[in-house]
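See structure below.
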Amino acid sequence: MLAAPLAPAATFAQGWAAERYQVEDRKSGYLYLGDQTQALQDDDFLNHAFFAVERGAELWSAVDGAAGVSCASCHGDAAESMRGVTARLPRYDSERDGIINLELLINRERERKLKAEPYAYESEDLLALTAFLAFQSRGIPSEVEIGGAAAPFFEKGREHYFPRRGQLDLSCTQCHDERDGMMLRGDRMSQGQTNGFPFYRLSWHSMGSTHRMFAWCNNAMRAEPYAPASEEYLNLELYVAWRGRGLPIEAPAVRR
Amino acid sequence: MADGITRVAVPETAAKGEIIEIKALASHPMDNGFMFRDNGTRIPRWIIHRFEVDYNDELIFAADWHVAISANPYISFHTIATESGTINFRWFDDNGDIYTESAKITVV
(Lines give C-alpha, C1' and ligand atoms only; values in the text may rest on other atoms or scores of the structure.)
Protein backbone atom coordinates (compact mmCIF):
# COMPACT_ATOMS: atom_id res chain seq x y z
CA MET A 1 0.00 0.00 0.00
CA LEU A 2 1.21 3.42 -0.77
CA ALA A 3 -1.19 5.70 0.95
CA ALA A 4 -4.12 3.87 2.50
CA PRO A 5 -6.03 6.33 4.62
CA LEU A 6 -6.38 5.15 8.21
CA ALA A 7 -9.88 4.41 9.36
CA PRO A 8 -11.19 7.09 11.64
CA ALA A 9 -11.84 5.28 14.91
CA ALA A 10 -15.60 5.68 14.72
CA THR A 11 -16.17 4.22 11.27
CA PHE A 12 -16.51 0.57 10.43
CA ALA A 13 -16.93 -1.52 7.33
CA GLN A 14 -19.86 -0.54 5.20
CA GLY A 15 -20.59 2.13 7.78
CA TRP A 16 -21.64 -0.44 10.35
CA ALA A 17 -21.48 0.30 14.03
CA ALA A 18 -18.94 -1.75 16.00
CA GLU A 19 -21.72 -3.78 17.64
CA ARG A 20 -22.70 -5.30 14.32
CA TYR A 21 -19.52 -7.33 14.24
CA GLN A 22 -20.54 -9.20 17.35
CA VAL A 23 -23.63 -11.21 18.28
CA GLU A 24 -23.66 -12.41 21.88
CA ASP A 25 -20.21 -13.99 22.27
CA ARG A 26 -19.73 -14.56 18.54
CA LYS A 27 -17.29 -12.18 16.88
CA SER A 28 -16.44 -11.53 13.28
CA GLY A 29 -12.80 -11.87 12.21
CA TYR A 30 -13.00 -8.16 11.34
CA LEU A 31 -12.65 -7.26 15.02
CA TYR A 32 -9.23 -8.96 15.16
CA LEU A 33 -7.74 -6.98 12.28
CA GLY A 34 -5.38 -4.04 12.58
CA ASP A 35 -6.69 -0.57 11.71
CA GLN A 36 -5.15 -0.61 8.26
CA THR A 37 -6.65 -3.93 7.25
CA GLN A 38 -10.02 -2.81 8.59
CA ALA A 39 -9.67 0.33 6.48
CA LEU A 40 -9.22 -1.86 3.40
CA GLN A 41 -12.45 -3.68 4.11
CA ASP A 42 -14.30 -0.49 5.05
CA ASP A 43 -13.91 1.12 1.67
CA ASP A 44 -15.38 -0.71 -1.30
CA PHE A 45 -13.06 1.25 -3.53
CA LEU A 46 -9.96 -0.01 -1.77
CA ASN A 47 -11.19 -3.50 -0.92
CA HIS A 48 -9.21 -5.72 -3.30
CA ALA A 49 -12.03 -8.25 -3.31
CA PHE A 50 -14.14 -5.86 -5.37
CA PHE A 51 -12.14 -6.76 -8.44
CA ALA A 52 -13.63 -10.22 -7.99
CA VAL A 53 -17.12 -8.81 -7.38
CA GLU A 54 -16.90 -6.81 -10.60
CA ARG A 55 -15.72 -9.85 -12.53
CA GLY A 56 -18.56 -11.84 -10.94
CA ALA A 57 -21.09 -9.25 -12.11
CA GLU A 58 -19.80 -9.68 -15.67
CA LEU A 59 -20.08 -13.46 -15.45
CA TRP A 60 -23.60 -13.17 -14.06
CA SER A 61 -24.85 -11.58 -17.26
CA ALA A 62 -22.50 -13.27 -19.73
CA VAL A 63 -24.08 -15.83 -22.05
CA ASP A 64 -22.16 -19.08 -21.80
CA GLY A 65 -22.81 -22.74 -22.63
CA ALA A 66 -25.03 -24.64 -25.06
CA ALA A 67 -28.33 -23.25 -23.74
CA GLY A 68 -27.36 -19.77 -24.91
CA VAL A 69 -28.43 -18.03 -21.72
CA SER A 70 -26.84 -16.27 -18.78
CA CYS A 71 -27.65 -16.40 -15.07
CA ALA A 72 -29.33 -13.02 -15.50
CA SER A 73 -31.62 -14.35 -18.26
CA CYS A 74 -33.62 -16.14 -15.57
CA HIS A 75 -32.69 -14.42 -12.32
CA GLY A 76 -32.57 -10.81 -13.51
CA ASP A 77 -31.10 -8.34 -11.08
CA ALA A 78 -29.05 -10.29 -8.55
CA ALA A 79 -29.52 -7.53 -5.99
CA GLU A 80 -33.15 -8.66 -5.76
CA SER A 81 -33.19 -12.33 -6.75
CA MET A 82 -30.08 -13.34 -4.80
CA ARG A 83 -30.57 -11.16 -1.73
CA GLY A 84 -30.31 -13.34 1.36
CA VAL A 85 -29.48 -16.58 -0.46
CA THR A 86 -25.92 -16.80 0.89
CA ALA A 87 -27.06 -16.14 4.46
CA ARG A 88 -28.96 -19.46 4.39
CA LEU A 89 -26.08 -21.48 2.96
CA PRO A 90 -24.75 -24.11 3.21
CA ARG A 91 -27.86 -26.28 3.43
CA TYR A 92 -29.11 -29.81 3.06
CA ASP A 93 -29.84 -30.84 -0.52
CA SER A 94 -32.04 -33.88 -1.14
CA GLU A 95 -30.55 -34.65 -4.53
CA ARG A 96 -27.05 -34.95 -3.15
CA ASP A 97 -28.38 -36.32 0.12
CA GLY A 98 -25.75 -34.13 1.65
CA ILE A 99 -24.76 -30.52 2.14
CA ILE A 100 -24.54 -28.07 -0.73
CA ASN A 101 -22.79 -24.70 -0.56
CA LEU A 102 -22.79 -21.61 -2.76
CA GLU A 103 -19.89 -22.77 -4.94
CA LEU A 104 -21.53 -26.10 -5.73
CA LEU A 105 -24.91 -24.46 -6.35
CA ILE A 106 -23.34 -22.11 -8.87
CA ASN A 107 -21.69 -25.02 -10.66
CA ARG A 108 -24.90 -27.03 -10.69
CA GLU A 109 -26.73 -24.07 -12.22
CA ARG A 110 -24.00 -23.78 -14.84
CA GLU A 111 -24.24 -27.43 -15.80
CA ARG A 112 -28.05 -27.69 -15.74
CA LYS A 113 -29.36 -24.31 -16.81
CA LEU A 114 -26.52 -22.96 -18.94
CA LYS A 115 -25.35 -26.38 -20.19
CA ALA A 116 -21.85 -25.13 -19.52
CA GLU A 117 -18.79 -26.70 -17.93
CA PRO A 118 -18.61 -26.30 -14.16
CA TYR A 119 -15.80 -24.05 -12.93
CA ALA A 120 -12.87 -25.65 -11.16
CA TYR A 121 -13.16 -25.19 -7.41
CA GLU A 122 -11.01 -22.25 -6.28
CA SER A 123 -10.70 -20.96 -9.86
CA GLU A 124 -10.77 -17.22 -10.33
CA ASP A 125 -14.14 -17.34 -12.07
CA LEU A 126 -15.83 -19.44 -9.40
CA LEU A 127 -14.45 -17.19 -6.67
CA ALA A 128 -15.63 -14.14 -8.60
CA LEU A 129 -19.21 -15.37 -9.05
CA THR A 130 -19.28 -16.59 -5.45
CA ALA A 131 -18.07 -13.18 -4.23
CA PHE A 132 -20.65 -11.39 -6.37
CA LEU A 133 -23.50 -13.53 -5.01
CA ALA A 134 -22.33 -13.47 -1.39
CA PHE A 135 -22.05 -9.67 -1.64
CA GLN A 136 -25.80 -9.55 -2.43
CA SER A 137 -26.44 -10.75 1.13
CA ARG A 138 -24.21 -8.20 2.80
CA GLY A 139 -25.66 -7.19 6.14
CA ILE A 140 -28.11 -10.09 6.40
CA PRO A 141 -27.57 -12.28 9.48
CA SER A 142 -26.36 -15.77 8.72
CA GLU A 143 -29.05 -18.29 9.63
CA VAL A 144 -28.50 -21.89 8.53
CA GLU A 145 -30.91 -24.79 8.92
CA ILE A 146 -29.44 -27.60 11.03
CA GLY A 147 -32.54 -29.61 11.92
CA GLY A 148 -34.39 -32.30 9.99
CA ALA A 149 -32.47 -33.91 7.16
CA ALA A 150 -29.47 -31.62 7.82
CA ALA A 151 -29.03 -32.91 11.38
CA PRO A 152 -26.76 -35.93 10.74
CA PHE A 153 -24.47 -33.85 8.51
CA PHE A 154 -24.37 -31.07 11.06
CA GLU A 155 -23.33 -33.66 13.66
CA LYS A 156 -20.51 -34.85 11.42
CA GLY A 157 -19.34 -31.27 11.03
CA ARG A 158 -19.35 -30.80 14.78
CA GLU A 159 -17.41 -34.05 15.16
CA HIS A 160 -14.75 -32.61 12.85
CA TYR A 161 -14.40 -29.45 14.88
CA PHE A 162 -13.58 -30.82 18.32
CA PRO A 163 -11.19 -33.80 18.05
CA ARG A 164 -7.45 -33.20 17.96
CA ARG A 165 -5.77 -34.10 14.71
CA GLY A 166 -2.46 -33.87 12.87
CA GLN A 167 1.12 -34.04 14.05
CA LEU A 168 0.57 -31.09 16.36
CA ASP A 169 -2.39 -32.86 17.94
CA LEU A 170 -4.57 -29.75 17.81
CA SER A 171 -8.28 -29.24 17.28
CA CYS A 172 -10.12 -26.32 15.72
CA THR A 173 -11.58 -25.43 19.10
CA GLN A 174 -8.17 -25.20 20.79
CA CYS A 175 -7.20 -22.35 18.52
CA HIS A 176 -10.49 -20.67 17.71
CA ASP A 177 -12.28 -20.94 21.09
CA GLU A 178 -9.66 -21.54 23.76
CA ARG A 179 -7.06 -19.21 22.23
CA ASP A 180 -9.47 -16.65 20.83
CA GLY A 181 -7.62 -13.31 20.68
CA MET A 182 -4.13 -14.71 21.28
CA MET A 183 -1.21 -14.47 18.87
CA LEU A 184 -0.02 -17.29 16.62
CA ARG A 185 3.22 -15.96 15.17
CA GLY A 186 2.13 -12.78 13.37
CA ASP A 187 -1.55 -13.65 13.36
CA ARG A 188 -4.11 -12.74 15.98
CA MET A 189 -6.36 -15.74 16.33
CA SER A 190 -10.00 -15.02 15.66
CA GLN A 191 -12.97 -17.27 16.30
CA GLY A 192 -12.68 -18.71 12.80
CA GLN A 193 -16.02 -17.40 11.56
CA THR A 194 -17.10 -17.70 7.93
CA ASN A 195 -19.39 -14.68 7.44
CA GLY A 196 -16.78 -12.86 5.31
CA PHE A 197 -16.20 -15.55 2.66
CA PRO A 198 -15.09 -15.61 -0.02
CA PHE A 199 -12.47 -13.10 1.14
CA TYR A 200 -9.32 -11.42 -0.06
CA ARG A 201 -6.41 -12.66 2.03
CA LEU A 202 -3.46 -10.29 1.89
CA SER A 203 -0.95 -13.03 2.66
CA TRP A 204 -2.28 -15.06 -0.27
CA HIS A 205 -2.46 -12.05 -2.60
CA SER A 206 -5.72 -13.53 -3.79
CA MET A 207 -9.30 -14.43 -3.09
CA GLY A 208 -9.95 -17.61 -1.15
CA SER A 209 -12.89 -19.84 -0.36
CA THR A 210 -13.97 -21.26 2.99
CA HIS A 211 -12.57 -24.64 1.97
CA ARG A 212 -9.18 -23.18 1.12
CA MET A 213 -9.11 -21.65 4.60
CA PHE A 214 -10.05 -24.98 6.19
CA ALA A 215 -7.21 -26.61 4.28
CA TRP A 216 -4.82 -23.88 5.44
CA CYS A 217 -5.85 -24.46 9.06
CA ASN A 218 -5.51 -28.24 8.65
CA ASN A 219 -1.98 -27.60 7.40
CA ALA A 220 -1.33 -25.33 10.37
CA MET A 221 -2.21 -28.32 12.59
CA ARG A 222 0.07 -30.46 10.39
CA ALA A 223 -2.96 -32.52 9.46
CA GLU A 224 -3.64 -33.84 5.97
CA PRO A 225 -6.16 -31.41 4.43
CA TYR A 226 -9.30 -32.73 2.71
CA ALA A 227 -10.12 -31.87 -0.87
CA PRO A 228 -12.16 -28.74 -1.58
CA ALA A 229 -15.86 -29.64 -1.91
CA SER A 230 -15.29 -32.89 0.02
CA GLU A 231 -18.15 -34.09 2.22
CA GLU A 232 -15.92 -33.46 5.25
CA TYR A 233 -15.50 -29.78 4.43
CA LEU A 234 -19.15 -29.31 3.44
CA ASN A 235 -20.32 -30.74 6.78
CA LEU A 236 -17.72 -28.66 8.60
CA GLU A 237 -18.85 -25.57 6.69
CA LEU A 238 -22.41 -26.10 7.98
CA TYR A 239 -21.23 -26.51 11.56
CA VAL A 240 -18.96 -23.46 11.40
CA ALA A 241 -21.71 -21.33 9.81
CA TRP A 242 -24.02 -22.31 12.68
CA ARG A 243 -21.30 -21.44 15.20
CA GLY A 244 -21.43 -17.90 13.78
CA ARG A 245 -25.24 -17.75 13.59
CA GLY A 246 -26.58 -14.23 13.59
CA LEU A 247 -23.37 -12.60 12.35
CA PRO A 248 -24.21 -10.43 9.34
CA ILE A 249 -22.73 -11.51 6.02
CA GLU A 250 -19.69 -9.31 5.47
CA ALA A 251 -18.54 -10.72 2.15
CA PRO A 252 -16.27 -9.95 0.52
CA ALA A 253 -14.08 -9.43 3.58
CA VAL A 254 -10.38 -8.60 3.75
CA ARG A 255 -8.15 -10.59 6.06
CA ARG A 256 -4.42 -10.75 6.70
CA MET B 1 -5.98 -6.04 -20.08
CA ALA B 2 -9.61 -6.81 -19.43
CA ASP B 3 -12.12 -4.43 -17.93
CA GLY B 4 -12.37 -4.34 -14.19
CA ILE B 5 -8.60 -4.39 -13.80
CA THR B 6 -8.29 -0.75 -12.79
CA ARG B 7 -10.53 1.53 -10.81
CA VAL B 8 -10.41 5.29 -10.27
CA ALA B 9 -12.30 7.80 -8.16
CA VAL B 10 -12.58 11.45 -9.20
CA PRO B 11 -15.24 13.83 -7.86
CA GLU B 12 -17.95 14.34 -10.49
CA THR B 13 -18.18 18.02 -9.72
CA ALA B 14 -15.96 20.48 -7.92
CA ALA B 15 -15.75 24.22 -7.38
CA LYS B 16 -13.12 26.10 -9.36
CA GLY B 17 -9.92 26.21 -7.33
CA GLU B 18 -11.02 23.44 -4.95
CA ILE B 19 -8.46 20.89 -3.81
CA ILE B 20 -9.75 17.46 -4.83
CA GLU B 21 -8.59 13.94 -4.02
CA ILE B 22 -8.00 11.47 -6.82
CA LYS B 23 -7.71 7.75 -6.15
CA ALA B 24 -6.54 4.96 -8.41
CA LEU B 25 -6.23 1.22 -7.90
CA ALA B 26 -4.95 -1.45 -10.27
CA SER B 27 -5.34 -5.19 -9.96
CA HIS B 28 -1.83 -6.51 -10.55
CA PRO B 29 0.34 -9.19 -8.90
CA MET B 30 3.43 -6.92 -8.74
CA ASP B 31 5.72 -9.97 -8.74
CA ASN B 32 9.05 -8.76 -7.43
CA GLY B 33 11.18 -11.37 -9.20
CA PHE B 34 12.59 -12.82 -5.99
CA MET B 35 9.92 -15.45 -5.35
CA PHE B 36 10.02 -19.10 -6.32
CA ARG B 37 7.30 -21.53 -7.27
CA ASP B 38 6.90 -24.83 -5.41
CA ASN B 39 8.88 -26.53 -8.19
CA GLY B 40 11.88 -24.26 -7.62
CA THR B 41 11.57 -22.07 -10.73
CA ARG B 42 11.72 -18.34 -10.28
CA ILE B 43 8.60 -16.22 -10.80
CA PRO B 44 9.84 -13.50 -13.17
CA ARG B 45 9.59 -9.87 -12.20
CA TRP B 46 6.31 -8.44 -13.45
CA ILE B 47 5.34 -5.07 -12.05
CA ILE B 48 3.72 -1.83 -13.07
CA HIS B 49 6.76 0.42 -13.27
CA ARG B 50 5.14 3.72 -14.15
CA PHE B 51 1.90 5.50 -13.48
CA GLU B 52 0.78 8.74 -15.15
CA VAL B 53 -2.22 11.03 -14.93
CA ASP B 54 -3.28 13.74 -17.40
CA TYR B 55 -5.81 16.47 -16.72
CA ASN B 56 -7.08 17.75 -20.07
CA ASP B 57 -3.96 16.39 -21.76
CA GLU B 58 -1.56 18.02 -19.34
CA LEU B 59 0.53 15.69 -17.21
CA ILE B 60 -0.32 16.45 -13.58
CA PHE B 61 1.05 13.40 -11.79
CA ALA B 62 3.60 10.67 -12.53
CA ALA B 63 5.37 8.07 -10.46
CA ASP B 64 8.09 5.51 -11.16
CA TRP B 65 7.42 2.34 -9.24
CA HIS B 66 9.93 -0.31 -8.28
CA VAL B 67 9.80 -3.77 -6.74
CA ALA B 68 8.48 -4.10 -3.17
CA ILE B 69 5.25 -2.29 -3.87
CA SER B 70 2.46 -4.63 -2.83
CA ALA B 71 0.03 -6.38 -5.17
CA ASN B 72 -2.91 -4.29 -6.37
CA PRO B 73 -1.15 -0.94 -5.95
CA TYR B 74 -3.31 1.90 -4.69
CA ILE B 75 -2.41 5.56 -4.95
CA SER B 76 -4.16 8.74 -3.95
CA PHE B 77 -3.08 12.32 -4.53
CA HIS B 78 -4.53 15.83 -4.58
CA THR B 79 -4.84 18.36 -7.34
CA ILE B 80 -6.66 21.61 -7.97
CA ALA B 81 -9.89 21.61 -9.95
CA THR B 82 -9.13 24.14 -12.68
CA GLU B 83 -11.63 23.42 -15.46
CA SER B 84 -14.15 20.86 -16.65
CA GLY B 85 -12.79 18.01 -18.70
CA THR B 86 -11.25 14.57 -18.61
CA ILE B 87 -8.69 12.98 -16.36
CA ASN B 88 -6.78 10.15 -18.01
CA PHE B 89 -4.86 7.47 -16.11
CA ARG B 90 -2.14 5.20 -17.48
CA TRP B 91 -0.36 2.27 -15.87
CA PHE B 92 2.68 0.83 -17.70
CA ASP B 93 3.75 -2.69 -16.95
CA ASP B 94 6.88 -4.74 -17.63
CA ASN B 95 5.21 -6.70 -20.42
CA GLY B 96 4.68 -3.51 -22.37
CA ASP B 97 0.97 -3.44 -21.57
CA ILE B 98 -0.63 -0.09 -20.83
CA TYR B 99 -3.87 -0.05 -18.86
CA THR B 100 -5.94 3.07 -19.19
CA GLU B 101 -8.88 4.58 -17.43
CA SER B 102 -10.54 7.96 -17.63
CA ALA B 103 -12.99 10.03 -15.64
CA LYS B 104 -14.94 13.21 -16.31
CA ILE B 105 -15.04 16.16 -13.98
CA THR B 106 -17.33 19.17 -14.09
CA VAL B 107 -15.92 22.34 -12.55
CA VAL B 108 -18.49 24.98 -11.64
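The values are calculated or read from the model by the stated rules, or taken from the named source; none is laboratory data. Quantities reported herein were computed from a predicted structural model and do not represent experimental measurements. So basically every Cβ, Gly included, is an ideal-geometry build from the backbone, and we count neighbours across all protein chains shown. Ligands, DNA and RNA are excluded from the accessible area calculation, which covers all protein heavy atoms including side chains. Shrake-Rupley method; radii C 1.70, N 1.55, O 1.52, S 1.80 Å.
Note on chain B: with a GNM built from Cα contacts shorter than 10 Å, the maximum mean-square fluctuation among B:Ile22, B:Ile43, B:Ile80 falls on B:Ile43. Summarising the amide proton neighbourhood of B:Glu101: residues at separation of 5 or more, or on other chains, whose placed amide H is nearer than 5 Å comprise B:Phe89. FRET efficiency for the pair A:Arg88 and B:Ser76, taken as 1/(1 + (r/R0)^6) with r the Cβ-Cβ distance and R0 = 56 Å, rounds to 0.90.
Solvent-accessible area lost on pairing B with A (1.4 Å probe, both sides summed) amounts to about 1500 Å². Starting from the Cα of B:Lys23, draw a straight line to each of the aspartates and glutamates and keep only those under 15 Å, dropping any in the same chain fewer than 8 residues away. Once the sequence-local aspartates and glutamates are set aside, what remains near B:Lys23 is A:Asp43, A:Asp44, B:Glu12, B:Glu52, B:Asp54, B:Glu101. Computed from phi, the 3J(HN,Hα) profile of the stretch B:17-25 under the Karplus parametrisation 6.51, -1.76, 1.60 (θ = phi - 60°) reads x, 6, 7, 10, 9, 10, 10, 9, 9 Hz, with x in place of Gly and Pro. Accessible surface for the protein assembly as shown, divided over its residues, is 48 Å² per residue with a 1.4 Å probe. Between A:Gly56, A:Gly148, A:Gly84, the Gaussian network model of chain A with springs among Cα atoms under 10 angstrom shows the greatest mean-square fluctuation at A:Gly148.
Each Cα pair under 8 Å and six or more residues apart adds its separation to the average, and for the stretch A:50-135 the resulting relative contact order is 43 percent.
The H on the amide N of B:Ile47, modeled in the peptide plane, is under 5 Å from the matching H of B:Asp94, each at least 5 residues off or on a different chain.
For the pair A:Phe162 and A:Asp35 in one chain, pulling the backbone fully straight at 0.36 nm per residue adds 42.5 nm over the alpha carbon distance.
Of all the accessible heavy-atom surface of chain B, with the other protein chains kept in place and a 1.4 Å probe, what percent is carbon and sulfur? Mind showing how you got there, number by number?
Numbers: 2960 of 5780 Å².
Exposed carbon and sulfur together represent 51 percent of the surface.
Label positions at B:Thr86 and A:Arg112, each projected 7 Å from the Cα along the C-beta direction, are separated by 4.7 nm.
How many Å³ per residue does the convex hull of the Cα positions in the stretch B:6-107 occupy? Display every interim value, and only then the final one.
Details: hull volume 8.4 nm³, N = 102.
Looking at the stretch B:6-107, the number lands at 82 Å³ per residue.
Between B:Val108 and B:His49, what is the label-point separation in nm under the 7 Å Cα-to-beta-carbon projection? Placing both labels 7 Å along Cα→Cβ, they lie 4.5 nm apart. Rounded to whole numbers, the Karplus 3J(HN,Hα) couplings from phi for the stretch A:66-76 are 5, 6, x, 10, 10, 4, 5, 3, 9, 8, x Hz, using 6.51 cos²θ - 1.76 cosθ + 1.60 with θ = phi - 60°, and x at Gly and Pro. Listed by chain and number, the lysines whose alpha-carbon sits under 22 Å from that of B:Lys16, ignoring those within fewer than 8 places in the same chain, are B:Lys104. Cross-link partners of A:Lys115 among aspartates and glutamates, defined as those whose alpha carbon lies under 12 angstrom from its own and excluding same-chain residues fewer than eight positions apart: A:Asp64.
For the stretch B:46-61, putting each phi into the Karplus relation 6.51 cos²θ - 1.76 cosθ + 1.60 with θ = phi - 60° gives couplings of 8, 10, 7, 9, 8, 9, 9, 9, 10, 10, 6, 6, 9, 5, 10, 7 Hz, in residue order, rounded to whole numbers and with x for Gly and Pro.
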